[in-house]
Structures are given as structure tokens and as C-alpha cells.
1. Given the options LYS240, LYS177, name the one that is surrounded by 13 or more Cβ atoms within 10 Å (Cβ to Cβ), under 29 Å from ASN306 (Cβ atoms) and of a type in the set (Lys, Arg).
2. I need the full set of residues from the range 329-357 which are part of a loop (DSSP other than H, G, I, E, B) and either away from the ligand (no atom under 13 Å from the Cβ) or of a type in the set (D, E, K, R) (or both), in order please.
3. Step by step: first the residues of the range 2-14, then only those that are open to solvent by 40 Å² or more (accessible area, probe 1.4 Å) and farther than 22 Å from GLU135 by Cα, then the one that is nearest to the ligand (Cβ to nearest atom). Which residue is that?
4. Residues GLU282, GLU274: which one is closer than 19 Å to VAL321 by Cα, modelled with pLDDT of 95 or more and part of a helix (DSSP H, G or I)?
5. Condition check: of a type in the set (A, V, I, L, M, F, W, C) and over 17 Å from the mean Cα position of the chain (by Cα). Does ILE299 satisfy that?
6. Considering the range 57-114 alone, what residues qualify as being assigned to a helix (DSSP H, G or I) and either in contact with a Lys or Arg (Cβ under 8 Å, 6 or more places away or on another chain) or under 21 Å from ARG320 (Cβ atoms) (or both)?
7. So in the range 185-206, with the set limited to residues that are within 16 Å of the ligand (Cβ to nearest atom) and over 14 Å from ALA300 (Cα atoms), which one is surrounded by the most Cβ atoms within 10 Å (Cβ to Cβ)?
8. Just for the range 60-87: of the residues that are open to solvent by less than 20 Å² (accessible area, probe 1.4 Å) and over 22 Å from the mean Cα position of the chain (by Cα), which one is modelled with the lowest pLDDT?
Amino acid sequence: FNGTIPPMPWFGMDIGGTLSKLVFFEPKDSITAQTEDETQLLYNVTKYLTKNSVYGKSGHRDAHQQMDNVKICNRIGTLHFIRFPTSEMNNFLDLSKKKGMAASVSTVCATGGGAFKFEDIFKNELNLKLCKCDELDSLIRGLLFTVASNNNECYFWSQCTEDEQCSTQVYTFQYNKYPFIVVNIGSGVSVLAVYGPNNFKRISGTSIGGGTFLGLCSLLTGCNTFDEAIELAANGDNVKVDKLVRDIYGGSYSRFGLPGELVASSFGHMNSKEKRAQVSREDLARATLVTITNNIASIARMCALNERIDRVCFVGNFLRVNPISMKLLSHAMDYWSNGSQKAIFLNHEGYFGAIGCLLSFDE
Ligand code: ADP
């Protein structure tokens, strides 16, 4: 934007492989818009977005994540957080047209693969130019801004060996912030090492991520949504599906400190016809969740070890409504590092790319 501040409304958009995330800045200060048109459009957009929490068939506003009193480009306001499946992009475009967005908003900041994939459609359908930002730059910028704006943004799970006692506590990230690792668990996974505000590198990744969980879980259980998959997993037991160390050793493998309850072979029981007859959809969902999560934990641990960094921030929408995975990640990091590595989570888990993208014209 070369130092010029674009007219409102301000949006940041992150068009991912599974979910599109939209962040909207609602000004709350007394500065008036420059033109009548801008005032009217801003009024209409604000009214529609803030009076509703469901848009069309599949758009949702995460009201619990709303951020008040944020300062962007010397304006004070509220950030609103909206998501919809990327597969519904055509409906989103229709709705935007209907709400008069096409006529007036000229530029929207967008990131994620979809900012490239859908660039022409935005141009042709909405007459909207997407100002494209890199997704990992946006992720880090959004994360640092959010952590600096909210004292309560970060948390960790304590005492995760005892499930009943396991609870969240605020983690203070303000001092000695750098370096840290970010593990972004979206459809796939990216692992970044962050050394300073403008200094990070992508150190690893895996295609076995949130999309894999949802894909495999749908195949195995016939579930239709992520929330349903998590609900099933919450009521299942992976021990019926996975082969544990004790199933092989009769107890622990003590010479190398492997406890009997450890999974030795994910889905290892499922080659047996009898065992297959005993498992429920819930058990299969749980085993899928545990398999994917433990694999990510293992990659995260190795990355942290390699980089000699002990704090690992886990973000991405895979962690949405998913305490099972957060507890597993926390336990795995803590247990296998003898307490030296720490798993940290953030309240705005899947929105940092969209936030960072919105901030891009503040530079
Ligand atoms: P991407 O940018 O690749 O879409 P996200 O960070 O948005 O990545 O995470 C997508 C993942 O989040 C999905 O693969 C799924 O595991 C999980 N997820 C959480 N909520 C939903 C939802 N409502 N619909 C689909 N997937 C969801």
C-alpha cells in the first residue's frame, strides 16, 4: 500500500486448503470516514457481520474470539473472526455480491494458497483485487501481534498424566520471547523456528495433518464433519485399535524405558478379524486422532531438539475444540524431553494468518 491507508471496511483473509478465515476490523473510535459511500458501506457491512453469527449455510463467526481495543493504523477497534469451508467459496462470493461488497470494496488482503487459486474469480466476479501476502509471513506477524495485544493469549496444559487434574493455565510470553518453534497444524503441517520479529525459517513439515485426520476418520467412521469426528473420538478408546508395548511384552520394555501403556503400533490390532469385530466407530475415531497427533508430536520434538529450542507453540484449526490432541501433545513434549520442552497453545489458534494479512497495510 506504500504508506497509504486503504478505505474501510478492512478485511484480512486466509484462504486455506480446508477453511477460509476472514478477519474484519470494526472501528470504534470517533474518526469519521472520508466519503459518504465509505460511511454507508462500512455501516452496512458492520451491521450484517456483527448482528449475525451464522452467514448463509456454512459461515460462522467465532464470537468468543472477538478482540476489543486493538490498534491498527492508528485506529482503535474490534476484530471479528469468521470462517467457512473453502469448498463453499462460490456461495461466499454470491453472498458478498448480494451484500453490495462487489460495488465498493476495491482491495482485500488475502493469504493462503487460495489467494492465488481464486485470484481471477475474485477479480471477475467481485471486481476485487486481492493484495496477496505470503502465508507464513502473515502467520508470524499475526501471532506476534496477537500475543503482544492479549495478556491471556497463550496457555499450557498442566499435569497431563492425570486426565482429571489436567487443566489450562495462562502462559506469559512477554519476556524472553525468542526463540520459539511454531507448529501450524492445518490441512497439512508446517514447522517454523522464530528467532525475532522478522527472522524465521521453515524447518520442517508433514503432509500428515488435520486434513489426514478428517479424511481417514471419514473413511473409517462415515462421519460428516470435524466436530462430529472429535465428538466420536472423545467417546472412544484407542487401546482397542492400537497395539501397545504391553500387548507385545506383557508389560513394559524396561531396558529402554518404554512403559507398557505406550502405543507400539498404531492400528496394530486391526489386522485381526476378531479385534476388528470388537471396535466401535468411536474407537476408530480416537485411534485416528491419537495416531495423527502423536506423529506430529514426534516431529515437533525432533525439530525442537535439532534447533535447541525448548518452547513449541502449536496453532492451526486442527486444535479447534480438540483438547484431546492438546493434552497428548503436552504430555508427549513433556514426557520425552524429561520436562525440558514445553507445549504452548494460543486462543486464536487458526486465525493468525488472516490477522497478519490484515496487518500488512500497517507496515
Ligand atoms: P487450512 O488453512 O489448511 O485450511 P486450518 O488451520 O484452517 O488449515 O485447519 C484445517 C483443519 O482444521 C482441518 O483439516 C480439520 O482437521 C480442522 N478443522 C477444525 N474445524 C473444522 C471445520 N469446521 N471444518 C473442517 N475442518 C476443521
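The values are calculated or read from the model by the stated rules, or taken from the named source; none is laboratory data. Keep in mind that this is a model prediction, so the values were computed, not measured. Note: ideal-geometry Cβ built from the backbone for every residue, glycine included; neighbour counts use all protein chains shown. In case anyone asks, the SASA skips ligands and DNA or RNA and just uses the protein heavy atoms, side chains included. Shrake-Rupley method; radii C 1.70, N 1.55, O 1.52, S 1.80 Å.
1. Working: LYS240 fails: under 29 Å from ASN306 (Cβ atoms).
Among LYS240, LYS177, only LYS177 is surrounded by 13 or more Cβ atoms within 10 Å (Cβ to Cβ), under 29 Å from ASN306 (Cβ atoms) and of a type in the set (Lys, Arg).
2. Start the filter on the range 329-357 by keeping residues that are part of a loop (DSSP other than H, G, I, E, B), which leaves 337-341, 347-351.
Correct list: SER337, ASN338, GLY339, SER340, GLN341, ASN347, GLU349.
3. Just the residues of the range 2-14 that are open to solvent by 40 Å² or more (accessible area, probe 1.4 Å), to begin with: 2-5, 7.
Checking which are farther than 22 Å from GLU135 by Cα leaves us with 4, 7.
Details: THR4: 29, PRO7: 28 Å.
If we take residues in the range 2-14 being open to solvent by 40 Å² or more (accessible area, probe 1.4 Å) and farther than 22 Å from GLU135 by Cα, then PRO7 is nearest to the ligand (Cβ to nearest atom).
4. Values: GLU274 fails: closer than 19 Å to VAL321 by Cα.
That would be GLU282, the only listed residue that is closer than 19 Å to VAL321 by Cα, modelled with pLDDT of 95 or more and part of a helix (DSSP H, G or I).
5. Here the answer is yes, as ILE299 does meet what is asked.
6. First, the residues of the range 57-114 that are assigned to a helix (DSSP H, G or I): 63-65, 86-98, 101-104, 114.
ALA63, HIS64, GLN65, THR86, SER87, GLU88, MET89, ASN91, PHE92, GLY114 - these are the residues of the range 57-114 that are assigned to a helix (DSSP H, G or I) and either in contact with a Lys or Arg (Cβ under 8 Å, 6 or more places away or on another chain) or under 21 Å from ARG320 (Cβ atoms) (or both).
7. The initial filter retains those residues of the range 185-206 that are within 16 Å of the ligand (Cβ to nearest atom), namely 185-192, 202, 205-206.
Pick out the ones that are also over 14 Å from ALA300 (Cα atoms) and you get 186-187.
Working: GLY186: 23, SER187: 21.
Within the range 185-206, the match that is surrounded by the most Cβ atoms within 10 Å (Cβ to Cβ) is GLY186.
8. Here the answer is CYS73.
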